[in-house]
1. Quick check on the exposure proxy: order SER86, SER184 from fewest to most C-beta atoms within 10 angstrom.
2. Roughly what % of DSSP beta bridges within the chain run antiparallel, to the nearest 5?
3. Full extension from LEU22 to LEU168: what is 0.36 nm times the residue separation minus their Cα-Cα distance, to one decimal in nm?
4. Roughly how compact is the chain, stated as its Cα Rg over 2.2 N^0.38 Å to two decimals?
5. So, with +1 on the Cβ of K and R and -1 on the Cβ of D and E, and no other charges, what is the size of the charge dipole of segment 80-160 about its Cα centre, to the nearest 20 debye?
6. Based on Cα positions only, what radius of gyration and what Dmax would you give for segment 177-263, in angstroms?
7. For ILE101, ILE183, what ranking results if the residue with the fewest other Cβ atoms within 10 Å of its Cβ goes first?
8. Calculate the all-directions average of the projected area of segment 93-238's alpha-carbon convex hull, and give it in nm².
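No lab work stands behind these numbers, since they all come straight from the coordinates. Every value quoted in this text rests on a predicted model; they were computed, and no experiment measured them. Reconstructed Cβ throughout: ideal geometry from the backbone, glycine too, with neighbour counts over all protein chains shown.
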Amino acid sequence: MKLWHLIENSQTSANQMKPVELAQFKQLLDSASKVVVFTGAGISTESGIPDFRGPNGVWKSLQPIDFNDFVASEDARRLSWRRKFSNEYRLDSAKPNSGHIAISTLVEMGKVFSVITQNVDGLHQKSGIPDTQVIEIHGNANYASCLDCDKRFELITIAEIFLPDESLPYCDVCDGLIKTATISFGQPMPIGPMMAAEAACENTDLMIVIGTSLLVYPAAGFPQLALNNGANLIMINNEVTPLDGIFDLVLHHPIGATLSALL
Ligand SMILES: [Zn+2]
């Protein structure tokens, strides 16, 4: 790609919504009553959280720990907890940004009934959306759980066990392995959230996809599922995705500013 094309593209993506786009967005939103929002890493990068899987993502420089290795190897589990408690990728100080807050407002207005997210940062809940309306298909990095009985453990509890001498934590109920409550590479998708997400896609009349490049299946199939059930589709993402063609409205603009302009 020639340099001026790059410049042109970056200027386009930095632009705000055009009046005609805003009018289309409002019209699609006004004519919908059961909106589902589906978010990916792009919405949280505006809160300073790195995009782990993206082109400049953390996983390009740091090898992810496969789920099977985590289960099989004490060394892999130690490495996993060591990384978790190193300050570099801590999520707990991140705050919701204007994009999260705009979605939370739409939920409060009764317009959006469900938020499906690939993010593990818990920022939708921190922005005020009740747990029951957030579907986390990749889990949550702000706590841990037992792989066998699913008991929840707070990270502070695990830190107290692990940090003094790298002792590995085990479940006090069933002696199972404890792992951060995210879905790792190689780990099966969680059945409950996946079923809830599919049901939301089948019941929505407008799906707004935000900040995901739709490269990872099965999540990338959600917009198609909503479309098959007659929903309209809006995309807000700063780069082109392979599925842009199936959307009624595609906005290659910054997320927070775009959603704030809507409200
Ligand atoms: Zn257990």
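1. SER86, SER184
2. 30
3. Full extension of this stretch gives 47.3 nm more.
4. Taking N as the residue count of the chain, the ratio is 1.07.
5. Numbers: 9 positive and 10 negative charges, 40 e Å.
My answer is approximately 200 debye.
6. Here Rg and the maximum Cα pair distance are 14.6, 46 Å.
7. By the 10 Å Cβ count, ascending, the order reads ILE101, ILE183.
8. Over every viewing direction, the Cα hull of segment 93-238 projects on average to 10.0 nm².
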